[in-house]
1. In whole angstrom, note down how far apart the Cα centers of the range C:253-326 and the range D:329-354 are.
2. Round to a whole number: what % of the accessible area of the protein assembly as shown belongs to carbon and sulfur, probe 1.4 Å?
3. Out of D:Gly24, D:Gly78, D:Gly320, any idea which swings most in a Gaussian network model of chain D, alpha carbons joined below 10 Å?
4. Considering the options C:Gly329, C:Ala235, C:Ile287, tell which one lies farthest towards the positive end of the dipole of the range C:207-333, charges being +1 on Lys and Arg and -1 on Asp and Glu at the Cβ, about the Cα centre.
5. Compute for chains C and D the buried accessible surface, both sides summed, probe 1.4 Å, and express it in Å² to the nearest 100.
6. Using only the alpha-carbon atoms of the protein assembly as shown as identical scatterers, what base-10 log of I(q)/I(0) does the Debye formula give at q = 0.05 Å⁻¹?
7. How far apart, in nm, are two points set 7 Å out from the Cα along the Cα-to-Cβ line at A:Thr202 and at D:Ser281?
8. Would you mind pulling out the separation of the Cα centroids of the range B:183-206 and the range A:148-219, in Å?
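The values are calculated or read from the model by the stated rules, or taken from the named source; none is laboratory data. Fair warning: this is a prediction, and the values are worked out from it, not measured in the lab. Backbone-built Cβ (ideal geometry, glycine too); neighbour counts: all protein chains shown. The accessibility values were calculated without ligands, DNA or RNA, using every heavy atom of the protein model including side chains. Shrake-Rupley method; radii C 1.70, N 1.55, O 1.52, S 1.80 Å.
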There are 4 protein chains.
Amino acid sequence: MPGSTFGKYFRVTTWGESHGPALGCVVDGCPAGLPLSEADLQPYLDRRKPGTSAVTTSRKEEDLVEILSGVFEGKTTGAPISLMIRNTSQRSGDYGNLADTYRPGHADYTFDRKYGIRDYRGGGRSSGRETAARVAAGAIAMQLLNTLGISLYAGTVAIGPVRMSAEKLAACRREDFIRARENAVVMPDAEMAKEAAAYIETCRMQRDSAGGIVECRIDGVPAGLGETVFDKLDALLGQALFSIGAVKAVEIGDGVQVVGQKGSENNDPIRRKDGKTVFDSNHAGGILGGMSNGDRIVVKAHFKPTPSIYQPQDTIKKDGSETVLEIVGRHDPVVAPRAVVVVEAMCALTLADLLLANMGARIEYLRKIYADA
Amino acid sequence: MPGSTFGKYFRVTTWGESHGPALGCVVDGCPAGLPLSEADLQPYLDRRKPGTSAVTTSRKEEDLVEILSGVFEGKTTGAPISLMIRNTSQRSGDYGNLADTYRPGHADYTFDRKYGIRDYRGGGRSSGRETAARVAAGAIAMQLLNTLGISLYAGTVAIGPVRMSAEKLAACRREDFIRARENAVVMPDAEMAKEAAAYIETCRMQRDSAGGIVECRIDGVPAGLGETVFDKLDALLGQALFSIGAVKAVEIGDGVQVVGQKGSENNDPIRRKDGKTVFDSNHAGGILGGMSNGDRIVVKAHFKPTPSIYQPQDTIKKDGSETVLEIVGRHDPVVAPRAVVVVEAMCALTLADLLLANMGARIEYLRKIYADA
Amino acid sequence: MPGSTFGKYFRVTTWGESHGPALGCVVDGCPAGLPLSEADLQPYLDRRKPGTSAVTTSRKEEDLVEILSGVFEGKTTGAPISLMIRNTSQRSGDYGNLADTYRPGHADYTFDRKYGIRDYRGGGRSSGRETAARVAAGAIAMQLLNTLGISLYAGTVAIGPVRMSAEKLAACRREDFIRARENAVVMPDAEMAKEAAAYIETCRMQRDSAGGIVECRIDGVPAGLGETVFDKLDALLGQALFSIGAVKAVEIGDGVQVVGQKGSENNDPIRRKDGKTVFDSNHAGGILGGMSNGDRIVVKAHFKPTPSIYQPQDTIKKDGSETVLEIVGRHDPVVAPRAVVVVEAMCALTLADLLLANMGARIEYLRKIYADA
Amino acid sequence: MPGSTFGKYFRVTTWGESHGPALGCVVDGCPAGLPLSEADLQPYLDRRKPGTSAVTTSRKEEDLVEILSGVFEGKTTGAPISLMIRNTSQRSGDYGNLADTYRPGHADYTFDRKYGIRDYRGGGRSSGRETAARVAAGAIAMQLLNTLGISLYAGTVAIGPVRMSAEKLAACRREDFIRARENAVVMPDAEMAKEAAAYIETCRMQRDSAGGIVECRIDGVPAGLGETVFDKLDALLGQALFSIGAVKAVEIGDGVQVVGQKGSENNDPIRRKDGKTVFDSNHAGGILGGMSNGDRIVVKAHFKPTPSIYQPQDTIKKDGSETVLEIVGRHDPVVAPRAVVVVEAMCALTLADLLLANMGARIEYLRKIYADA
């Protein structure tokens, strides 16, 4: 049953397969009056585009996004916004051998078990290409966040064994993350980025692949976003990030480190400074009781190594017989760098949704809006 | 706006504050014909109950669950099932000093920022007591899973620095997890359980608290559960677990370990054995492309140390003035052991929801059900 | 699957059967800061209560509503509000003969066909008593509407052949509807109310029952409520009213009369008066393109005659054998008068939901709320 | 906030404006394995197409539907199905005068009040063209219904004062409704169809417009469809039909006639015939307690006369000044005939949704599906 929609208030529904004519999404619930054009969206898609560096696939895709509805004279109208990206570089011969053989680490087997039918061309619906539609939708959410003074940005903080230390990360500022978009692995430390790229090259030579970690930061979030109990900010970020293929762990704030901490270390003392509430530390990653506390939000997504590797692998065919698979075609040896903008998109969609959800939190908000109506 | 409902098909809505007259939930969408009585639910609530061991609070709560609707002559009728648990042991004097002071690491500050009003008695809606309602609902989900041959169980696998190794964990079987319910920390290794209890005692003496990890395993899940793209099995498990207060990281299968693995190590080879599909390893934790693959599902939730500690802490008051807070009352020095059954409940609710969601996956399923109608 | 929840933003989930221990609902999404106590709710339940006049059943029910959560120091907190009404006057012997015989015009047969099991005591979930929970939830919605200057009221405008003419209806003001609550049929014309009561008495003497029409008016609704395409104000009012048992037709504004009108008669000319937009007529019933236009909203619900009549009726038993049924017990000979407050409740819930939905309609609304955050 | 999605299980999200580049929809939740191609959808769109008879607008639209995703080798895959219809015949000059003047009876004024911005070209989002996307989605639902032996068809049963009597309607069979598609008003009585066409022509000569009634029948629906309380079959049909622009009343079964009936007349006696449950009459329109009873489902939608008429009308401009509007362009003098296929589409979508919802009604259904999994 339907699982292609994310969000309840700012709602995106994606569609499309890797080798169909196009893919896209419908964004419903975007407030009217937001300035928006294709030029606002394209830069995000360009960042996801393959073929931009040595570590990503050489497959050439244009990924030009078209706005088909919901925008009039440069502004959103409140009507659903339909976005479409044509698939222009499918080579249908590339994936033919996958029609009846299940790639280990992929969704081939589970798709067949669920639906009894599978569009095997390029991974079909489970292809990483599906995230192009999320990035396009996320770019609209980002436009909304920016308009409200919220800044959201991500980068790769680990590739295989090459990991930025807590100290290095603490020293990184927004500018470092932005600048990282220019290096091949999108890592906000130029030196380590080179190390990481070298490691990926080693994996590629070994016909193997590498994992990685993407960190996303969100500054300027008003306190109080997140809904009680099940739609907590961290819960929805958790869903958002785990919905990205290849993510196997998600951390909020100090994440897995909290287990070794004591309460006296983990609690963030609260202070008052220049008329504002501040915290001495941010172990919580900006979220308390499922709601934003006004401090920087910090999340991490852990990506497994690309399952498509160029080594012989034991697997089975659709008919149940065992076989050895040798994958051909073009595949990135690492997912994380290209996933940076996908992580940003999913976090932006989550925030946009909760900004709208929170509009009804207090009766005084309703009085404020309806006073002049 | 509303965030108190989990699930789309098997849907639970919880309500209630720590110090109100009662708390409870409504479970809507449970299939008709499932045998159910209060005796099926109470054991789960008893496992969550405080005061059962040295490491949990001595506060005495009966937590007797009542079924108010949806069950007739021992079976569910398809109507919503309303469950209620009376609050019997509130001491309203205990929390009075929290009316205007924000506890670090708690939701006090964010609640006030969101709603402008806060039921401060015992944490109100953000109290751990809210999870009693989830446990009751989860017990119904568990009844459904058991009926379909699915077995779900959890235990504590780390308390502070005391962590079960991968080897120890691999050696643990279902029986070890069940037996662990008898030890104070619910750890499926009796020796380490003693170490863990000792560590907690040390923390308590230091007026401090400890973190922990809960692992949940699910056996017998049919392949293909999980919906495309956003409602993936892992995505919904992510939401489910992060919705539990104090969870700061969630892992699926090998989790954070995947970053250091290569594709050739992380992929699980597929084989055919005795007419069934099996995997040589289970790095994936039983989930591929967001769907169950028929292997054991393994998830981990990382809990931060209890934020309520008996040391003076810097914080602010509602009026913005800085102050030093000394918390009184009864608080567990660790969250994880009592959270084991909450983790089980949330995983069971997720599975029940996806079992129902999957009923419409194929047109042949509809033909099968409506053939005789 | 779940159907017990109404609304997306202001969300009510009802539960409970006629002869269980209690029934109630959970209201999730009510804005924080709304003054609320049981005294605000009870009057609505008292209006639904049977035994208050000659035309309603003599069954005595107290219908005392308890607030179990979500209210603190006289105000809503933003947490879910749980309401419970105990069933105090069940006579379980009354309905025993219905365990295996299907009452014509009732849900007995369809319940069994859907679920394979049925709580036959007093109609179980399909009993009119279920609406007590809606009335309680609707009373909260009404409190919200009143706070924003919206006034909503309903009355009976037809009982069988006794119908108020368009002219009479046009002459009725809010006060007439309020005053009508004192007459046995809740009809805002005292003379016709007597006629209607006499007609009902005739039906009762014939061991038969009567139909009726309830009209609901809503004044002071800001223009623009209602969401595009599927969640139009009229579409959701349609769902709301048809969800009440026994409703077989719903009209908006001129309703069925529009078929005989020409466009030049049906269009409401727009004018400007004292700086406000006004309409020369209100054939539209205050709704244009699925959104409120600022004029009075007018809807009508048509109720079929009570299916429980005291005449022998042909029907079948659960085992398929034909039989003749003679219903015993206490049953109103007409549904409409007691349904007036239920219609009000469903309309109030719809409006409250759309008031919240509309909070995110414009980016300038978000700027207004988050400017100081 | 979002209102462009209908259904919870079989879910359609529409998008697009009258004068944008295209319009379309995404259908999520369609079971895998359903044979589907563009050839299955186009006939429905052709029936909605204008310019096919004297009573509809002469505007020429091709309305060619493209399937962009979710279908592979002639079958649905379980992935979202994206449908697109290009707008090929916009004459942007036609509607320019509507940028700042509100048409009476249209959504112009309310759109501006809600969103503060409006795509005025051809009615934008509120244009009747939006229903093309519904028809395309409805055609998929229809394919699903047909596969399960359900037959759904509609026709015009009244145009202005020309109304088919109850007797005539009772005599009409499915074939008459199908044949009616060939006459200009889609009325299943050839003689009356001519009368109706003549009446419309009179209205057109008077520069005026006419209302009408569309009846939809559904045969072969299994008993038990419809969810408890709020998602009743009739409640969702009510929402579905009122979501069509210009619908001002909806009737189920005998509809508004029930008010004048007595219980003894309205109840449908139940019998057993040839091993099947049958009803002596069908006043209920095939729905009892919100669930299908296995008999024919009958619903009626009442359409107001087209608000676009060629007479001078009093209205206001965006700046609040009063003015007299003379509408130009091409407009049907009646909505009902072209809305027949839209009514069919909305009813089909409702049924498809409830067929899926019902799959989880009984634990034995889950056992049946998961037994072999």
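1. That distance is 19 Å.
2. In the protein assembly as shown, the share of accessible area belonging to carbon and sulfur is 49 percent.
3. D:Gly320
4. The one lying farthest along the dipole's positive direction is C:Ile287.
5. Numbers: alone 18270 and 18220 Å², together 27870 Å².
Interface between C and D: roughly 8600 Å².
6. -0.36
7. The two pseudo-label positions are separated by 8.6 nm.
8. Distance between centres, Cα-based: 38 Å.
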